[in-house]
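These notes concern the structure reproduced below.
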Amino acid sequence: MYGIIALFDDQLNKRILKLWQELKDESISSYAFEVSDRNPHITIASYSKLDIKSFVDRLDSYLADKKSIEITFPSIGSFTGSGTLFYTPVITEDLFHFHNDFHTYFKDFNDAQSLYNPGQWIPHCTIANRLSNQKLLEAFLYCTTQAQNIKGYIKEIAVIDTSIPTQAPVIFSKKLKSI
């Protein structure tokens, strides 16, 4: 399986990495450390099968003129019954259009079962996962008191290989143009 992910600018990335470390230090969640190579991100698309060379060639060309996207995370959410806690970004016109245009351009690759398709996509940056109800509450309380005014830029789009459960290596990435 492959994921297409939006990576953040250095400052936003460091802020979320710091929060992941704090949650681990507080014995709330070690989610971020269960997979090597995990980076804070928003998933744009996922594919169960992919002709990777063909896809990467098209992606490289597609991203050539794309600009960074400003992003703000004003809310915290959870997928019901999953023990997942995440930051939810404001869905700006830029973010909405980037996602929809991406799926339109790559429609011949689209996986109908993907939760990241237009009309199903809930953009988010996972903070903790597979938590008990008690740990979910602790993570929520910690994040609402410790992390506020979280904003930055999507600066890079990457393809990750998620076929090995404990790894998520980036197999291709491209920086977006600065705005």
The chain: relative contact order as a whole-number percent, Cα under 8 Å and 6+ apart: 38
Theoretical ellipticity at 222 nm over the chain - DSSP helices of four or more residues, -39500 (n - 2.57) apiece, nearest 500: -9500 deg cm²/dmol
Other-chain or far-sequence residues with amide H under 5 Å of residue 79's (modelled H): 84
Amide hydrogen neighbours beyond the local backbone of residue 45, cut-off 5 Å, H modeled: 4
Amide H within-cut-off set for residue 156, under 5 Å, with H built and near neighbours excluded: 7, 176
Separation of the residue 48 and residue 130 label points, Cα + 7 Å toward Cβ, nm: 2.1
Accessible area per residue, Å², the stretch 19-60 with all protein chains present, probe 1.4 Å: 47
Pairs from 151/174; 49/174; 53/174 whose Cα-Cα separation, in the structure shown, is over 18 Å: 151/174; 49/174
Cα centroid separation - the stretch 8-40 against the stretch 132-179, whole Å: 8
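The values are calculated or read from the model by the stated rules, or taken from the named source; none is laboratory data. Everything quoted here is computed from the prediction, not taken from an experiment. A quick note on method: Cβ atoms are made from the backbone with ideal geometry, for glycine too, and the neighbour counts reach across all protein chains shown. The protein model used for the area step is the full one, side chains on, heavy atoms only, and it has no ligands, DNA or RNA in it. Shrake-Rupley method; radii C 1.70, N 1.55, O 1.52, S 1.80 Å.
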